[in-house]
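These notes are about the structure you will find just below.
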Amino acid sequence: MAELRARLGQNSRNSSKPPSSDGYGKPSANKKKRSLRKRSGRKPGGQSGHQGAHLERAEVPDAQVPHEPEACAGCGGDLAGAERVGDREESRQVFDLPEEIALRVIEHVAVCRLCDGCGQLTAGSFPQGVVAPVQYGPGMHALGVYLHVFQHLPYDRARQVILDLTAAELSTGTLKAWVDQAAAGLTEFDEQLRQLLRTAAVVNFDETGARIAGRLGWVHSASTEQLTRYSYTAGSGRAGRVSTRRGCRRRAAY
């Protein structure tokens, strides 16, 4: 009975079971874990020799706001029209966002020309990617993909951020289409990455449980010192583990 109770009480924290086997609930810790870190004896904050980040004055500011003195500090007289002494002035720079981040609307016009010689009408060509009468440009596409893929914002929250910053009303479907388009553009890169991993002398394979689209799944990694490729499998992860182990032996799973 004691052995059965111990087996039922196993989870990813007290055994070798993967985190995905815990389900949606988090296992409760029996006791509060104490940090293993020891005191270093150093003062908190930046250490001596650490290269910090700081603002530097701009050579040419975008705008300059003069602040005139209201009256003479000595006699209180009016200083309107008084001589300005520039070499005694002090300035301070403030880096900030503009009050309004507005989208720039660029209209592309396919110019038509009538040939004087033969009378043929010829029109110019639109740039690559300009395919609709009204559309968003590559900068907006990049922002949407960046917020969802790199910053891990859900589609609806990414849509809200773009609306708050630029007043552009996008749909979640539009954002998903941009992400799918960006992913399709990486097909050639991903194939080259797979080929480089296949031919590498040593490749490290690993896996971990994760929640993917609301369901438990597995994230697999194949990496060298310079390369890393991630993939995932839904479900229990058995198929992914078999594929990963075969990849270790055959160099073909990735």
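Bear in mind these aren't lab numbers, they're just calculated from the coordinates by the rules spelled out. Keep in mind it's a predicted model, so treat the numbers as computed, not measured. Cβ coordinates were reconstructed from backbone atoms using ideal geometry, including for glycine residues, and neighbour counts include every protein chain displayed.
Go ahead and run the numbers for FRET between LEU55 and LEU8, Cβ-Cβ distance against an R0 of 51 Å, rounding to 0.05.
0.30
I'd like the distance between the alpha-carbon centres of segment 185-199 and segment 125-164, rounded to an integer number of Å.
26 Å
Using square roots of five times the C-alpha gyration tensor eigenvalues, list the equivalent-ellipsoid semi-axes of segment 133-185 in whole Å, biggest first. Don't jump to the answer; show the numbers that get you there.
Working: eigenvalues 45, 41, 17 Å².
Semi-axes (√(5λ), whole Å): 15, 14, 9.
Show me 175-186, 139-150 ranked by packing, highest mean number of other Cβ atoms within 10 Å first. Kindly include the intermediate steps, with their values, before the conclusion.
Details: 175-186: 13.7, 139-150: 16.6.
The densest-packed peptide leads the list: 139-150, 175-186.
Sorting ILE101, ILE212 on the 10 Å Cβ count, fewest up front, what's the list? Kindly include the intermediate steps, with their values, before the conclusion.
On the way: ILE101 10, ILE212 15.
Lowest to highest Cβ neighbour count: ILE101, ILE212.
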